[in-house]
Amino acid sequence: METYIMAIDQGTTSTRAILFDKKTQVIGIAQKELDNFYPQPGWVEQDANDIWASVVGVMFEVLAKTGVKAKQIAAIGMTNQRETTVIWDKATGKPIYNAIVWQSRQSDCYTQRLKEEGKEPWIKQKTGLLLDPYFSASKIRFILDETHSQQRAEEGELLFGTIDTWLLYKLTEGKQHMSDVSNASRTLLMNLETLDYDEQLLTLWNIPRCMLPTIVDTSRIYGYCEGLFDTQIPICSIVGDQQAALFGQTCFTAGDVKNTYGTGCFLLMNTEDHIIHSKNGLVTSVGWRINGKVSYVLEGSVFIAGAAVQWLRDGLKIIRSANESEERAQLVADNDGVYVVPSFTGLGAPYWKPHVKGAVYGLTRGTKQEHIIRATLESLAYQTSDVISAMKEDAALQLNELKVDGGASMNQFLLQFQSDILNIPVKPAVIQETTALGAAYLAGLAIGYWKDQNEICQLCLSGTIYQPKMEEKERADKLKQWDKAIQATILFGEE
């Protein structure tokens, strides 16, 4: 009887369940979109129970679609939106507040206070992260204060988890409260050297250790999915979505880089066992740990990427679908001097300016919708270029190619422009579901479904490679104009 790996890909805008066979072919996909709530400007929340319900729904749906039986699932691998924070009642399993999404800036007052106290360099040295509301610690602090729950947390009545931990807890009917090192490294509470929670950081944030999940390897048997099906299915990987995409792109060697164009834009470089502390606005995290062997990553996060295309569709209503953006962008010869800086929730790497708002420059009476559409797509490539420049300087490496995935990686206009601006080849994934595939690979390795990383590399297919075509002067001019737009946006956003 043929067996499969089920990958659960729990993202910011949707949840998916994907079945892979031994040749990494996608057998079936089920997807359910999720609602985001915006209680105040810059705040982003979700209902954690809706997230859980969506996972259950897509698991059943993908089996129904394919006719695959639950007993044919060799293992479940999970990948998730990372810093999104849930706190729930240990006795009832009910969240005490909405999940605060990674994008949200509502806990900014906590990070600002610590910055003013001069804590950021000390925190960065311990965690590899910047002192920013993006990460989980300030979100935990916000929920505990907002719900007056500090005493309950100290008495062991509450549990914290990023989405991976929340889903594991629910899938195992409360038996397991764990997180892998990739997710734990994004909380601002884990020490990069010890790979455990840092007591000084817990004291700083006043977060009780008893509410935190146990930190474990990325690829292992975590527990079993119980109660949903007529058989127990082992849960064999948990990994943050961007690290999963890096693994799914087989970036196993130091210097390998991938970019995921999702809601945001996420560039990761594998640095293997080397911890590189960025001097250029990037962060250091754990990629994965397998059989006790850790791989670190250097990462730059752009807050708004695919979400900018959604803005064109849902906000400005000048396109009907994301796919239409490519065709419309190519109806004009260039951007006609228009530059869009889509910093709707602040600027991420390498600038880290949480208060900056978005901007459009270069408008004239001759500006058309197509120029704005084109400039918005180009902004994804420019933001990527900014992060790549910082990455090369930090790691002292010359990049030979950029591997890409995510929804916008199907946009041929964007990928050609990305190659032109970076002046290196851009290589899109043949199997688009690289995030889910990374989780599947890690789950399969835990049970011997695939022997090792060498076997995984042999399964990979090659596809289209975009080569740079732009003249050096044009590239330099465009980058100069983009830099002017960024600096003007920062200046306008300063208080």
Report summary line: For region 267-363, the Cα convex hull volume per residue in Å³ comes to 154
**Report entry** P(r), alpha carbons of region 61-192 - 5 Å bins starting at zero, rounded %
**Finding:** 2, 10, 17, 19, 18, 14, 8, 5, 4, 2, 1, 0
Report task. Just flag the trypsin sites (Lys or Arg not before Pro) in region 1-67 sitting in loop per DSSP whose Cβ has no more than 12 other Cβ atoms within 10 Å. Result -> K23
Query raised in the report: In debye to the nearest 20, how big a dipole does the chain give about its Cα centre with +1 on each Lys and Arg Cβ and -1 on each Asp and Glu Cβ?
Result: 460
Report summary line: Using the Kirkwood radius over Cα pairs of region 181-269, the Stokes-Einstein translational diffusion coefficient at 25 °C and 0.890 mPa s, in µm²/s and rounded to a whole number, is 158
**Report entry** Calculated [θ] (222 nm, deg cm²/dmol) that DSSP helices of n ≥ 4 give over the chain, each run adding -39,500 (n - 2.57)
**Finding:** -10500 deg cm²/dmol
Query raised in the report: Which percent of Cα-Cα pairs in region 368-452 sits in each 10 Å bin, short to long?
Result: 15, 35, 30, 16, 3, 0
Query raised in the report: lysines near K65 by alpha-carbon distance under 23 Å, same-chain residues fewer than 8 away left out - which ones?
Result: K22, K23, K32
Requested in this report: Would you list which lysines come within 26 Å of K469, measuring only between C-alpha atoms, while excluding same-chain residues fewer than 8 positions from it?
Outcome: K258, K368, K392, K403, K427, K478, K480, K484
Query raised in the report: So what's the convex hull volume per residue for the Cα atoms of the chain, in Å³?
Result: 137
Requested in this report: Could I get the Rg over Rh figure for region 188-239? Both from C-alpha atoms, Rh via Kirkwood, rounded to two places.
Outcome: 1.14
**Report entry** H274 accessible area, assembled protein chains, probe 1.4 Å, Å²
**Finding:** 110
Query - Furthest towards positive pole of dipole, L167, L228, Q418, structure part the chain, Cβ charges - result: Q418
Query raised in the report: Once amide H atoms are placed 1.01 Å from N in the peptide plane, what residues at a sequence separation of 5 or more from W288, or on another chain, have their amide H within under 5 Å of its amide H?
Result: S295
Query raised in the report: What base-10 log of the normalised intensity I(q)/I(0) is obtained for region 297-408 from the Debye formula, alpha carbons as equal point scatterers, at q = 0.13, 0.22 Å⁻¹?
Result: -0.54, -1.25
Query raised in the report: Which whole-number percent is the relative contact order of the chain (Cα, under 8 Å, 6+ apart)?
Result: 14
Query raised in the report: Percent of alpha carbon pairs in region 293-349 separated by more than 17 Å?
Result: 54
Report summary line: Among I275, V44, G93, the residue whose Cα sits farthest towards the positive end of the charge dipole of the chain, when +1 is placed on the Cβ of each Lys and Arg and -1 on the Cβ of each Asp and Glu, is V44
Query raised in the report: What list of ³J(HN,Hα) couplings, whole Hz, do you get for region 37-48 from phi and the Karplus terms 6.51, -1.76, 1.60, once you set θ to phi - 60° and write x for glycine and proline?
Result: 10, 10, x, 8, x, x, 8, 9, 9, 9, 8, 4
Requested in this report: For region 1-132, count all C-alpha to C-alpha pairs, find those more than 20 Å apart, and express that count as a whole percent of the total.
Outcome: 58
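The values are calculated or read from the model by the stated rules, or taken from the named source; none is laboratory data. As the structure is a prediction and not an experimental result, all values here were calculated from the model. Note: ideal-geometry Cβ built from the backbone for every residue, glycine included; neighbour counts use all protein chains shown. When the accessible area is computed, the model is the full protein with side chains, heavy atoms only, and any ligands, DNA or RNA have been set aside. Shrake-Rupley method; radii C 1.70, N 1.55, O 1.52, S 1.80 Å.
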